[in-house]
Amino acid sequence: MIELKNVAKSFAGTQVLQPTSLKLTPGKCTVLIGPSGCGKSTILRLMIGLILPDEGEVYFDGQVLTAKNLLTFRRRMGYVIQDGGLFPHLSARDNTSLLARHLGWDKSKANSRVEELADLTRLPKVALDKFPAQLSGGQRQRVGIMRALMLDPAVILLDEPMGALDPLVRYDLQEDLRKIFQTLHKTVVIVTHDMGEAGFFGDEVLLLGGGRIVQRGTLDDLIKTPSDEFVSRFVRSQR
Ligand code: ADP
Ligand code: MG
């Protein structure tokens, strides 16, 4: 499982993340929440090795992530970003199966996995041969989730997955996602700035501010026993 040990990160001389340690709980959903610009996406990118830390180490199943081995590890992590992050010139089917095909899966094996994932994410089969621009926002995000699940990752990390969706579409996708995570018993990390979403998904919530984890607990803990003024202001700002 993923663990950060004293991980720090700066961009252009500004420390975005102070030395931070955290360990994901297998099979649980951890939510990273906090105001815009507080470093949520940075932590997620560090977890999957899209960026490397300035200080400290990121571990996956007890092994340190390095520039050399990170591609191997990344195959065991599913990553979902806002609006799906799909390749515009590939169909939903090809977006989903691209990596598996690259790794040598034959066409029929890849296709049957894609169809299975379409059932799981409730993407209509007719959508599989459409391009991202021909899909609705909710469908694009379902394809993004299919792509992340294609290789049956040990952990799935989602960066504001509902960010681009209108409320009703968001509601349906939230319900479906929670069912999927429960069915598959995945370890999940979700980044959001929305407390409703944090409460909906999070077994545990980490509130970030000023480049560090300010409070860690259930959403109820944050609401009822905020550790400081920042936490109580953040909670109140969302009611
Ligand atoms: P969040 O996801 O919480 O909104 P981010 O992790 O994206 O925040 O960014 C945290 C801070 O780091 C922001 O001030 C952002 O501008 C800065 N930042 C993030 N990535 C980069 C980068 N690649 N280069 C320069 N600054 C960056
Ligand atoms: Mg972000």
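The values are calculated or read from the model by the stated rules, or taken from the named source; none is laboratory data. Given the structure is predicted, the values throughout are model-derived calculations rather than measurements. Cβ: placed from backbone, ideal geometry, glycine included. Neighbour counts: every protein chain shown.
I'd like to check something: does region 16-38 contain any residue that is more than 16 Å from ligand 2 (Cβ to nearest atom), modelled with pLDDT under 95 and farther than 27 Å from K179 by Cβ? Scanning region 16-38 turns up no residue that is more than 16 Å from ligand 2 (Cβ to nearest atom), modelled with pLDDT under 95 and farther than 27 Å from K179 by Cβ.
Of all residues in region 197-225, which are assigned to a loop (DSSP other than H, G, I, E, B), out of contact with any Leu (no Cβ under 9 Å at 6 or more places or on another chain) and within 25 Å of N6 (Cα to Cα)?
Selection gives D203, G210, T218.
The number of residues in region 45-67 being part of a helix (DSSP H, G or I) and crowded, with 21+ Cβ neighbours inside 10 Å comes to 2.
When you scan region 39-59, how many residues do you find that are charged (D, E, K, R) and either within 16 Å of ligand 2 (Cβ to nearest atom) or free of Cβ contacts under 8 Å to residues at least 40 places away in the same chain (or both)?
First pass over region 39-59, keeping only residues charged (D, E, K, R): 40, 45, 54-55, 57.
Subsequent filtering for residues that are either within 16 Å of ligand 2 (Cβ to nearest atom) or free of Cβ contacts under 8 Å to residues at least 40 places away in the same chain (or both) retains 40, 45.
Summing the residues that are charged (D, E, K, R) and either within 16 Å of ligand 2 (Cβ to nearest atom) or free of Cβ contacts under 8 Å to residues at least 40 places away in the same chain (or both) in region 39-59 gives 2.
Among the residues of region 142-156, those identified as among the charged types (D, E, K, R) and crowded, with 20+ Cβ neighbours inside 10 Å are R142, R147.
Out of everything in region 141-183 that is of a type in the set (S, T, N, Q) and over 25 Å from N111 (Cβ atoms), what residue ends up being farthest from ligand 1 (Cβ to nearest atom)?
By that ranking, first place goes to Q182.
Residues in region 129-139 that are of a type outside the set (F, W, Y) and either farther than 26 Å from H185 by Cβ or assigned by the TED database to the domain that holds D176 (or both): D129, K130, P132, A133, Q134, L135, S136, G137. Scanning region 192-200 finds one or more residues that are within 16 Å of ligand 2 (Cβ to nearest atom), more than 30 Å from D106 (Cα to Cα) and among the charged types (D, E, K, R).
Look through region 35-51, keep the residues that are small (G, A, S) and near ligand 1 (Cβ under 6 Å from one of its atoms), and return whichever of them is nearest to F234 (Cα to Cα).
Restricting attention to region 35-51, the residues satisfying the condition of being small (G, A, S) are 36-37, 39, 41, 49.
From what's left, near ligand 1 (Cβ under 6 Å from one of its atoms): 36-37, 39, 41.
Working: S36: 12, G37: 14, G39: 15, S41: 18 Å.
My answer is S36.
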